[in-house]
Amino acid sequence: MSLAIVHSRALDGLAAPEVTVEVHLANGLPSVTLVGLADTEVKEARERVRAALASSGLEFPHNKRITVNLAPADLPKESGRFDLPIALGILAASGQIDAAALDAFEFAGELSLAGELRPVHGALAMALAVRGPASRRTLVLPQVSADEAALVEGLEIRAAAHLLDVVAALQPGEAARPLQRVATRARAAPPLPLDLLDVKGQSGAKRALEIAAAGGHSVLMVGPPGTGKSMLAQRFAGLLPPLTEREALESAAVQSLAGLFSLERWGQRVLRAPHHSASSAALVGGGSSPRPGEISLAHHGVLFLDELPEFPRAALEALREPLESGRITVSRAARQAEFPARFQLLAAMNPCPCGHHGDPRRACRCTPDLIARYQGRLSGPLLDRIDLQVEVPSVPAEALVGAADGEPSAQVALRVARARALARERQGCANAQLAGAALDAHAAADPAAMRFLHSAAARLGWSARSYHRVLRIARSIADLAGTGGAALQVAHVAEAIQYRRVLSVG
């Protein structure tokens with residue numbers, strides 16, 4: 001009878017709690033029993049491990065009763081990440097590797113039938129957890145996953161291509177051959193972003209995007225087809241300041257959970273643009289084993305929803321809480337998973353079903369009732385949570401053949417970076433996140449501006465949320481003007497009010 005213990009990690013949302021893989025060998029009827037709330041993929045490890053050991057020339061104890069326990073028992077385990085820890089536990093329990101050496105490492109990796117190691121999802125989340133103050137172990141991963149985890153500084157990571165590489169490193173004494181150490185990767189230079197100069201005209205929409213970038217605000221663009229709404233959205237990420245190291249790691253960790261992370265896109269803001277047929281679960285996350293949705297995959301990036309009224313009503317309503325809180329909790333009967341969702345929402349829509357309501361060049365064929373029903377697909381509470389609503393009108397033909405107008409993205413991005421720096425120095429967060437006493441302190445207006453704002457709020461029937469959003473927008477406008485912590489002026493408030501009047505939120 002023998003027992004071996006191997007350390008690994010499960011995935012629970014963006015967290016990676018530690019899992020202890022206990023392998024017990026005893027006399028009795030030959031069998032392999034796997035316990036510990038394992039899903040089907042984990043249970044199939046029995047056959048993958050058996051074949052991998054045989055293909056690698058290692059001994060599988062066929063005449064023993066093998067019990068594999070994944071502790072803690074109440075934590076769901078999924079995917080093939082436990083193949084390598086289970087294989088090592090069997091080898092240690094049968095005396096083929098040094099069991100005492102296992103305690104210095106944490107392992108994760110899926111095994112092929114030939115013993116090769118395949119990458120696993122969530123390598124960055126694992127690395128962030130292993131780097132924590134409670135752990136001092138070395139992380140051993142397949143090569144591709146190790147390159148991904150190496151983005152986390154202050155952590156020793158070893159890479160292996162085959163099960164035999166790990167076995168050789170766990171031999172006793174001088175017979176051990178250390179695994180390849182993976183160095184922390186340097187950030188690659190991002191590609192040049194798409195330029196705002198490519199969009200002819202639309203100075204009002206470009207100004208709204210600049211304000212949104214400066215304050216972290218959400219935007220709804222309303223206009224006929226072909227006026228440049230999608231082009232503007234695709235260029236918005238180029239106006240945002242570079243990600244900090246912490247933001248880049250958080251964004252990459254969520255991408256890694258979904259198997260979408262690419263080393264070439266490290267440190268770049270994500271633009272997610274789901275089709276309007278996306279379900280509520282696709283947007284906010286879900287599944288029996290909860291996975292991040294589009295709003296989490298856009299964490300610290302941009303979520304672009306084109307043809308907004310065409311999205312299912314339930315999917316749009318599910319965005320309301322994450323827009324406010326920056327997080328989403330996916331609840332199931334057996335478990336809960338929390339994912340970050342601090343995204344910037346950009347949305348676009350036509351003003352009516354035919355798209356030409358208000359277009360001076362083409363007649364709209366929709367009745368007033370049809371227009372009202374179309375715009376009514378967006379609920380008042382959702383519209384109330386979208387900071388800026390801007391009209392994107394048709395561009396005259398002569399403007400389309402003329403020279404580019406406006407400013408390049410790089411020039412606008414400099415102003416945005418200065419405004420963000422002002423806000424960060426003043427209050428430690430973007431203006432869109434101001435609330436409560438911080439909003440009162442940092443978005444105070446002079447008496448004339450307050451009188452003007454109160455008059456507009458009463459005349460337009462704003463909710464308290466709309467009132468406070470106008471103050472946040474005005475604060476961003478003032479920051480772009482370089483006024484710092486000075487009181488908001490009438491001009492700042494007046495411009496902010498214009499961005500709350502395109503669609504009714506009543």
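I'm told residue 490 meets every condition in (1) closer than 30 Å to residue 224 by Cβ; (2) of a type in the set (A, V, I, L, M); (3) outside the structural domain of residue 210 (by TED's automatic domain parsing) except one. Can you identify the failing condition by its number?
(1)
For region 82-127, which positions are of a type in the set (Val, Ile, Thr) and part of a helix (DSSP H, G or I)?
Across region 82-127, the qualifying residues are 86, 90.
Kindly check whether there is at least one residue in region 74-81 that is touching a strand residue (DSSP E or B) at 6+ places or on another chain (Cβ under 7 Å), farther than 23 Å from residue 178 by Cβ and free of Cβ contacts under 8 Å to residues at least 60 places away in the same chain.
yes
So, of the residues in region 256-288 that are surrounded by 18 or more Cβ atoms within 10 Å (Cβ to Cβ) and polar (S, T, N, Q), which turns out to be nearest to residue 321 (Cα to Cα)?
Only one residue tops the list, namely 280.
Of all residues in region 211-229, which are closer than 18 Å to residue 326 by Cβ and assigned to a loop (DSSP other than H, G, I, E, B)?
The answer is 216, 217, 218.
Do you know which of the residues in region 142-184 that are assigned to a helix (DSSP H, G or I) and of a type in the set (D, E, K, R) is surrounded by the most Cβ atoms within 10 Å (Cβ to Cβ)?
Here the answer is 148.
For region 82-108: of the residues being touching a residue at least 40 places away in the same chain (Cβ under 8 Å) and touching a Lys or Arg at 6+ places or on another chain (Cβ under 7 Å), which is surrounded by the most Cβ atoms within 10 Å (Cβ to Cβ)?
Looking at the filtered set, the residue picked out is 108.
Conditions tested, residue by residue: (1) surrounded by fewer than 17 Cβ atoms within 10 Å (Cβ to Cβ); (2) in a loop (DSSP other than H, G, I, E, B).
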| site | (1), (2) |
| --- | --- |
| 3 | yes, no |
| 8 | no, no |
| 23 | no, no |
| 47 | yes, no |
| 52 | no, no |
| 58 | no, yes |
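All but one of (1) of a type in the set (S, T, N, Q); (2) over 37 Å from the mean Cα position of the chain (by Cα); (3) modelled with pLDDT of 95 or more hold for residue 27; which doesn't?
Result: residue 27 fails condition (3) only.
Hey, among 394, 504, 455, which residue is of a type in the set (Ser, Thr, Tyr), modelled with pLDDT under 95 and in contact with a Pro (Cβ under 8 Å, 6 or more places away or on another chain)?
Exactly one of 394, 504, 455 is of a type in the set (Ser, Thr, Tyr), modelled with pLDDT under 95 and in contact with a Pro (Cβ under 8 Å, 6 or more places away or on another chain), namely 394.
May I ask you to verify whether residue 281 is part of a helix (DSSP H, G or I), in contact (Cβ under 8 Å) with a residue 24 or more places away in the chain, of a type outside the set (Asp, Glu) and on the phi < 0 side of the Ramachandran plot?
When the stated conditions are applied, residue 281 does not pass them.
Within region 305-356, take every residue that is of a type in the set (Lys, Arg) and part of a loop (DSSP other than H, G, I, E, B) and give me the one that is surrounded by the fewest Cβ atoms within 10 Å (Cβ to Cβ). Show your work before the answer.
Initial filter on region 305-356 (of a type in the set (Lys, Arg)): 313, 320, 327, 332, 335, 342.
Within this subset, residues satisfying the condition of being part of a loop (DSSP other than H, G, I, E, B) are 332, 335, 342.
Numbers: 332: 13, 335: 16, 342: 21.
That would be 332.
The values are calculated or read from the model by the stated rules, or taken from the named source; none is laboratory data. The shown structure was predicted, so the numbers you read here are calculated from the model rather than taken from an experiment. Heads up, the Cβs are rebuilt from the backbone with ideal geometry, glycines too, and the neighbour counts pull from every protein chain shown.
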